[in-house]
Structures are given as structure tokens and as C-alpha cells.
Amino acid sequence: MGGTVDLQPVAKYRSRVQANPMDMTIRKLAKMAGTSYSTVSRALNDSPLVKSETKSRIQSLARHLGYQVNFSAKSLATGMRMIVGVVYPYHTLRPYQSAYTAQVIDQIRRALDQFGFDTLVAGYGDSRRPEEDITRLIRNKKVDGLIVFGHEISESRIALLEELGYPFILVNPAPDQTTESCHQIRIDQQYGGYLAGKRLIEAGRRNLLVFTEGTREFKARTEGFLRAISEAGASTQVSSDQIILENGLYETAYDTVEKKIDWIRRFDGIFVQSDLSSIGVLNCLLDYALEVPREISIVGFDDIQWARYTRPRLTTVHQPVEKVVERVSNGIVDLIRGNRDERIFLELQPVLADRDSC
């Protein structure tokens, strides 16, 4: 049934619900909405099986009454735990390393809370505890579904997850990951590196350095950067000794620049493939009286929150956190509720956050 909600009888119930929220049930809500119990239940769960107009009307009535779904009762009735597992490579969430991963996980937790789901955060890849990995959450029936930060997950582990049959979505699997049958949301890492290289070239920089790490996503960033350099022509070259492998830590980047400061003075542009490392490089250059960007430009990668507060503010490649969080949160809830049949496969492109360091 369409139309607006008759609020005259609603006022009588509203004060009762506010005084005792348990007094309002889905059946009473259905009676007031003039529709069936199942329709109200589906509408409150945002099911695509309910027409948008009807869903909006029922949800509006529920909000007006201050009615909230009893997720504990729902969990008992459906066998759902109302918990989503979010798993990541152990080493990437140390507080001094990947601020980007921590930022994304925190926003996913907030988004899932809006659906009534709690978040269980865990890790994988710790060789000291080989059994404490992704699949134990499924085997022990701790979660209804998984969001897996997949840039270090093996194809054999992906195959095992598919075999176990639980809903899961991969976030940012490795660029060369060939498993395409599962739900996944990717960020085009190579294009991000290309944007960084293009920005340095546009700034007139020709003597360039790269700070990178050893995993596959960083290899893709380097490949994109080198493609931009190649397009610029023979006047700009980057040899293997101009690609510095490090571990993504602020301290390591600072120390590396400090030890090589006389050599680094020869260059006029640096692409640093994580923002924490970028801030370490930036601060060391400033401590040694190198002016950024007049003498040397810096482009980072990730666009963590701290990138806006450096002096000068960091020019960096922005990974689309908001889109990732929205798509993965909505996607995993749909999969858990059985509201989606088609495969989720989405590749998002980063953009340049052009500030002051280049």
C-alpha cells in the first residue's frame, strides 16, 4: 500500500513506546501501517523485495515511533549472530604502520553498526599461530560473514573460503590476483602510481626517487609510476638504484633519508608509496634545510588524515575510502541477508589530492 502515514493514531502509541520501547512490536507496527508482518519485517531489513514507496513509508513510521529492531531477538529467531568478521594481515595494523588500514576498518565498523551488526576484528598471516587465521572464524561459527583485506591472501585460501560457503568480500586483493569468482572490491593501484608520476613530471621534476615496499600492491604502484615516467620521454629516467625498498614506517623513512642526505640532495622529486613514510621523508628533508617543494617535491600515497596537517600539506594519491566502506558494508549485509545473487566485482580508481608538497 502506498500513500502517507496517518499520524493521528500514531501519537497515542508514541508516548507509550517512548515510555516502554518493548510495547511496540512488528505486528503492532504492521497493523498501524495497514500491511503484513512479513512486509514490515522485510522493509525494516531494507529488503529489495519491498517496493521503495512502501519501504520508505514503513521506515518513516518506525522512526516516528522511535521503534528499533530487537537485534538480539532477531538473532535468536534467524540463527544469525549479527556479527561481521573483518580480517587483515597482522602486520598491517600495528599502530606505527598502516594508518590507512586502521582508518578503513574503523569506518567499516561504524557503517555496519548502522545495520545492527557488530564487528569482530582479527588477523591472518602470523606464522607463530598458524591455526589462528581467517577460517577459524567460520569453523567456530563466530561470524555471519567476512570482510577480508586481501592484498596478502593466497589463492588457495580464497578457494577454501569459497568451499566453506560463508558470505565474504575481498577488499583490495593483490593486483595480480587471478581469482575472480568471489565478491571483491579493488582499487587500481597501478593507476595511483601513474597519477603520482604524472604529477611530478607536471611539476618539472626529472631527477626522481621512489620509496616502496615489497608486496604486490606496491609493485603495481611502481609499475604505474614508471609508465608515467616512460611517457615523459628520455629526459626522465629512473634506474634500479633510485627505487628504495623499505618497510613503511615513519622512523625507517626518516633514518634512510638522514643516512643518504648528501646523495638525496641530487634529486628534485620523490614518490613515497605510503603516507606515513612520506611524512618521515618530508620531516627529515625539512630538518636538513631542504625546502619542499621549491628544491624537492614529494608525492605520497593513501591520503590518511594526517596528510592534511603536515607543513607543507602533503600532495598524495587518495584511495577512495568512503566508496570502499559504503560498497563493502552494504554488500556484506546484502549477502548475509540473502538479498543478492549477482557477484560483486568493483574496481575503483584513486584520485590525486593535490596540496602543497609538489
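In a DSSP loop and with at most 11 other Cβ atoms within 10 Å, the GluC sites (Glu not before Pro) in the range 287-345 are GLU291, GLU342. Here the Kirkwood formula puts the hydrodynamic radius of the range 190-318 at 14.1 Å, using every distinct Cα pair. The lysines within cross-link reach of LYS323, meaning a Cα-to-Cα straight distance under 25 Å and a gap of 8 or more places when in the same chain, are LYS55, LYS198, LYS219. Residue exposure proxy: CYS358, CYS182, ordered by other Cβ atoms within 10 angstrom of their Cβ from fewest to most, comes out as CYS182, CYS358.
In loop segments of the range 180-232 as defined by DSSP, the GluC sites (Glu not before Pro) with at most 15 further C-beta atoms inside 10 Å of their C-beta are GLU180.
Every read-out reported here was derived from the displayed coordinates using simple, explicitly stated rules and does not represent laboratory data. The structure displayed is predicted, hence computed values, not measured ones. Glycine gets a Cβ as well: all are built from the backbone with ideal geometry, and neighbour counts include every protein chain shown.
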